[in-house]
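Right, one structure below, let's go through it.
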Amino acid sequence: MIISAPETVKTQTRRVSCDGATAIRGSDRFKPSALGHPKVYLEIDETGYVDCGYCDRRFVLEGGPADA
């Protein structure tokens with residue numbers, strides 16, 4: 001059984017950052033980062049993708065081996 005990543009983000013750079021809250025909208029009384037996780041920097045390797053260890057968000061290098 002293959003389980004896909006909860007969210008896939010395509011990127012043009014090999015180094016990415018993830019805080020788990022960049023896609024959450026904020027307002028005057030609400031800070032999106034409060035719902036995320038510590039900001040981590042990840043490096044995409046020769047597989048063409050990397051998964052965040054906190055939120056399982058997958059970052060795929062555009063034009064790389066994992067970009068299907």
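Brief remarks follow.
- Filtering segment 44-68 to residues that are assigned to a loop (DSSP other than H, G, I, E, B), of a type in the set (D, E, K, R), in contact with a strand residue (DSSP E or B) (Cβ under 8 Å, 6 or more places away or on another chain) and open to solvent by 60 Å² or more (accessible area, probe 1.4 Å) leaves only 62.
- Residue pairs meeting the criteria (Cβ under 6 Å; at least 6 apart or on separate chains; first within 20 Å of residue 54 (Cβ to Cβ) and in a strand (DSSP E or B), in segment 10-26; second open to solvent by 80 Å² or more (accessible area, probe 1.4 Å) and modelled with pLDDT of 95 or more): 10/62; 15/43; 17/41
The values are calculated or read from the model by the stated rules, or taken from the named source; none is laboratory data. Predicted, not measured: the structure shown is a model, and the values here were computed from it. Every residue, glycine among them, receives a Cβ derived from its backbone with ideal geometry; neighbour counts consider all protein chains shown. These accessible areas exclude ligands, DNA and RNA; they are computed on the full protein's heavy atoms, side chains included. Shrake-Rupley method; radii C 1.70, N 1.55, O 1.52, S 1.80 Å.
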